[in-house]
C-alpha cells in the first residue's frame, strides 16, 4: 500500500503549556476499533528516519521517538488524495516528535534554493534520485535533446532518432537475462502475458499454445525464429514499474510498456500503426526500422491502432534507421512502422507507450453528454417538441428532399448546438477523464523516505503482544499530497468523490476502482492541498473551520 499524502508533524509544547495541552486534547480524535481501509493518500516528512504523524491518538498514548536530524527532507514527489469518511482503525502509522513549523519552513526554504543538478549523460541506475523525478527521467531518456525542443518540434508531429553510441546507456532498465528470470519465477501465460510471433511472406502468425509460458518452451520458439513479446513487464520488474510510474506523473496519463525480444535474422510483426505515442528504448543488440508517414488524414493521430498492413499498400518509407543499444526512437501515433534484425545480432527493446485516448475528442466524448443534460435542464428550447410529421422530412429516405420543413429542422438543430456550448461543463468532463486515469494508472513510486512517512511502513506495530508506534495527526502537522496525479476530486450526482490510484494493482485493472466519498465542506481543504503541491501546509492552515473534521479527513486520507 502506498500513501498518497505527505505528513510532517510539529510537536506542540503541551507539557509546559496547559492551555495548549487542553486545546490539543479537545481536537484529538480517538482511534476507533473498527476495520479501516488504508488508502495511503497521505505521506509524512521530517528530519527523521521515522514517519511523523499525530492524528487520532490521545497525547498520553503517543510514543515519542528521537529524531535523526541529519536525514534529508524530500519534497519533490506527489501522491493521491482519497475521500474523507470517518476515521476507522489505523495501522502502519508512526509517531515522532518533530521540529516546529518555523524550523520546518526554514528547512524547506533552504532546500528550494539549492541548484538542481544537470541530468547526467552517463549510464545511471534507475533507482537513483535523477530517475525518480519525472522531468529528470524524461530528460535522461531524450538527452541530448532538450525536453522543450522535443515537445515543440517532434511531439505528435514527426519521428526522432537519438543516436548515442553508448551501448550501456539503458543497461540498468531491463535485460534478456531478467526476462528469463521473470519467466522462471512467475506464472506468465501465453496470450495474456506472452506472445510468440513471426512475420514471413507478408503474413504475421501468432504461435501461442495454451497455458503457462514455460521458459524452455518459450526459448524453443525463439530458437526457431519467433519474436517474444511480454505485455506487462512492469508487473514483474520494479525498475520498469518505477520508470513507468514516474513518467506517468509527468504526462498525467496512463503509461504502459511492452518488451520485445527478437532473434537474429527475423521479424515478428507486420507493418502497422498504433494509437499511442511510442518511445522505443533499445536495450540489447540492434534492429532495423522502417517508418512510413500516415497515408491519409484519417490516419494522422488515430484513436485506434490499425490491423496488419500489406506492404504493397505502403509508399516508400520516410525514414530507415538502425536502432542500437543505448539509442532511442520516438514516433507519434499513426506512423506506420516495422522492424527486423540482421543475421548477426538479436534485439531486445522496450516500447513505452503514452497518451492513449488523451485527445480533445476524448474530452468532448465526456463533455457533450454532460452539456446536453445541463442544457436540457436549464433551457426550455431544448425541450420543445419536434415539428409534426418530422419523419416525413428527415432520415435517409428523405435525405434528397429540399423541403422548407427539412431546412427548418436543420436550422434549429444548428442553433441548439451553438447554444449548447454555453452549457458545456469542461471541468466536469475533464474530471471524468481524470477518474478514468485513476482506474488505469499504476500506483505511485515512492522513495524509501516517503514510504517511511506513509501508512505502508509507518504506524502501528506489534511487539510481544503490545501495539506500538501508535500515531496521530494534530493541527500543526505539516502535510501534502505525495503525488499530484494520484487522486482526482470529482463531483458526481451522488455527491463529491475522490478517486485514487495509490492502491491499484501492478497489472491493468487488476483491482476495482478505488474511491472515497467526501464531505462537501472539505472540498476547499482538498483543493488547497492539490494547489499547494509540492509544498507542505499545516493542517490548521487548511481551509475548514471544523478542526476535528479536518484532522479526521487527513487521517482517513493517510
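The numbers here are math on the coordinates, done by the rules we state, and not lab data. Model, not experiment: these values are computed from the prediction. We place every Cβ from the backbone using ideal geometry, glycine too, and count neighbours over all the protein chains shown.
Summed over segment 313-345, the residues that are more than 29 Å from the chain's Cα centre (by Cα), part of a loop (DSSP other than H, G, I, E, B) and more than 19 Å from residue 266 (Cα to Cα) give a count of 5.
Residues in segment 156-170 that are exposed (fewer than 15 other Cβ atoms within 10 Å of the Cβ) and within 23 Å of the chain's Cα centre (by Cα): 156 alone. The residues listed here are 262, 246, 235; of these, the one that is crowded, with 17+ Cβ neighbours inside 10 Å and touching a helix residue (DSSP H, G or I) at 6+ places or on another chain (Cβ under 6 Å) is 246.
Checked across segment 521-543, the condition of being out of contact with any strand residue (DSSP E or B) (no Cβ under 8 Å at 6 or more places or on another chain), within 17 Å of residue 438 (Cβ to Cβ), without any contact (Cβ under 8 Å) to a residue 40 or more places away in the chain and part of a loop (DSSP other than H, G, I, E, B) holds for no residue. Summed over segment 138-182, the residues that are touching a residue at least 40 places away in the same chain (Cβ under 8 Å) and not in a helix (DSSP H, G or I) give a count of 22.
Is it the case that some residue within segment 354-369 is more than 25 Å from residue 234 (Cβ to Cβ) and buried (at least 16 other Cβ atoms within 10 Å of the Cβ)? For segment 354-369, residues more than 25 Å from residue 234 (Cβ to Cβ) and buried (at least 16 other Cβ atoms within 10 Å of the Cβ): present. Criterion first (closer than 13 Å to residue 439 by Cβ and in contact (Cβ under 8 Å) with a residue 40 or more places away in the chain) does residue 468 satisfy it? Taking the combined requirement at face value, the residue does not satisfy it. For segment 369-414, filtered to residues that are part of a helix (DSSP H, G or I) and touching a residue at least 24 places away in the same chain (Cβ under 8 Å), the residue that is nearest to residue 433 (Cα to Cα) is 370. Among the residues of segment 306-335, which ones are touching a strand residue (DSSP E or B) at 6+ places or on another chain (Cβ under 6 Å), farther than 20 Å from residue 275 by Cβ and free of Cβ contacts under 8 Å to residues at least 40 places away in the same chain? Within segment 306-335, 317, 320, 322 qualify.
The strands (runs of 3 or more DSSP E) falling completely within segment 453-518 that include 1 or more residues that are surrounded by fewer than 19 Cβ atoms within 10 Å (Cβ to Cβ) map to 461-463, 466-468, 487-492, 495-500, 515-518.
With respect to the stated conditions, residue 255 fails to be in contact (Cβ under 8 Å) with a residue 24 or more places away in the chain, in contact with a helix residue (DSSP H, G or I) (Cβ under 6 Å, 6 or more places away or on another chain), buried (at least 23 other Cβ atoms within 10 Å of the Cβ) and within 24 Å of residue 203 (Cβ to Cβ).
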